[in-house]
Amino acid sequence: MFARDTVIRYLLAVTMDSEQIWREKADEELIEAGERLSEFTPEGERIIRSELRRRGLPEPAAPLDYCWKCGRGIYAGGSADACENCGEPLSEAVRARQAKTDEPLITEVVYRSRFAHEIELVTGHLEDAGIVAERRTSGLGAGLPLRYLEIAALDLSEYTVVVAASDATRAREIIEGLPVSHGDDETPPDPPLDEP
């Protein structure tokens, strides 16, 4: 009797679509799958995340990146040097994000600008060179991601690029060769009021 029920369930599962299969799983099974998303294809990950959201269950953290070879998600706490699925070596930037240390990370500001497009350019070049960079915004547009800022310059905003202190010298060398303003976008200070 047990073997027959198992065969029937298997045949039904084969004929159901993947979304239906995950809809019929218990909450505990779904949460457990959410903790092992690196084992699923991108389509499987999408279905699991969608079902977690539909049920109002906690959604797992987003992957740090996806393997360019097999498409599987790369998550914090996983292998620090290769894709757990296909063994493809991880990029230097992903390895840096995977690195764990008990010491606090010391950072330095390596670039400042009033122009969001310059920050995007600088960050892109640093990440291409394997340097993990963080963009920060202060002032008027501080709450918006840079890609949504349509205005080239905001008088009340300042954008900065921050990297680990150990990467600061190399980052500045890369930035020096880029076609961006190097402090010449600053507005001159207002003259004192007592001068004519």
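The values are calculated or read from the model by the stated rules, or taken from the named source; none is laboratory data. Here the structure is a predicted model, which means the values were calculated and not measured. Don't worry about glycine lacking a Cβ; one is built from the backbone with ideal geometry, like all the others, and counts go over all protein chains shown. The accessibility values were calculated without ligands, DNA or RNA, using every heavy atom of the protein model including side chains. Shrake-Rupley method; radii C 1.70, N 1.55, O 1.52, S 1.80 Å.
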Leading residue by the ranking (surrounded by the fewest Cβ atoms within 10 Å (Cβ to Cβ)) among those in segment 73-117 that are among the polar types (S, T, N, Q) and at pLDDT below 80:
101
Among the residues of segment 30-42, how many are surrounded by 16 or more Cβ atoms within 10 Å (Cβ to Cβ) and either touching a helix residue (DSSP H, G or I) at 6+ places or on another chain (Cβ under 7 Å) or within 19 Å of residue 86 (Cα to Cα) (or both)?
6
Scanning for something touching a residue at least 40 places away in the same chain (Cβ under 8 Å), under 29 Å from residue 129 (Cα atoms) and open to solvent by 60 Å² or more (accessible area, probe 1.4 Å), does segment 43-65 turn up at least one residue?
no
Mind counting the residues in segment 122-149 that are surrounded by fewer than 18 Cβ atoms within 10 Å (Cβ to Cβ), at pLDDT 80 or above and of a type in the set (A, V, I, L, M)?
1
